[in-house]
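See structure below.
What follows draws every value from the coordinates through simple rules; no lab data is involved. Quick caveat: nothing in here was measured; it's all calculated off a predicted structure. With ideal geometry, Cβ positions are generated from the backbone for all residues, glycine too; neighbour counts draw on all protein chains shown.
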Amino acid sequence: MGRVVREGEPLWLDEDRAWALALLDIEADCCPECKQPWGEVTDPKSEEAYRAELIRCHACTTSARTVRAYQDKGGQTEGLHVHLDRIT
């Protein structure tokens, strides 16, 4: 976390481990999709507590369209990676 580790010093201090374990606990209690806390989002009282907004990522749109065009021409997508460059 920005600490310079000197020779003979441990890479992780007790406080570092405590923070890392706390983060693991928080992440383990989250929905894998929306990352909101399970206890909150699965509570029946939360059924109408959220609103969603659609936001388009233009880079992802370009990527998806390029892959779709490749598939439409018979291209195999297994192992395919898309590299994006901003042109403007």
*Can you tell me which residue among SER63, SER46 is more than 22 Å from the chain's Cα centre (by Cα) and polar (S, T, N, Q)?*
SER46
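Residue under question is SER46, and the condition is that it be touching a Leu at 6+ places or on another chain (Cβ under 7 Å) and hydroxyl-bearing (Ser, Thr, Tyr); does it hold? Step through it out loud before you land on a result.
Details: touching a Leu at 6+ places or on another chain (Cβ under 7 Å): no; hydroxyl-bearing (Ser, Thr, Tyr): yes.
No; evaluated as a whole, the condition is false for this residue.
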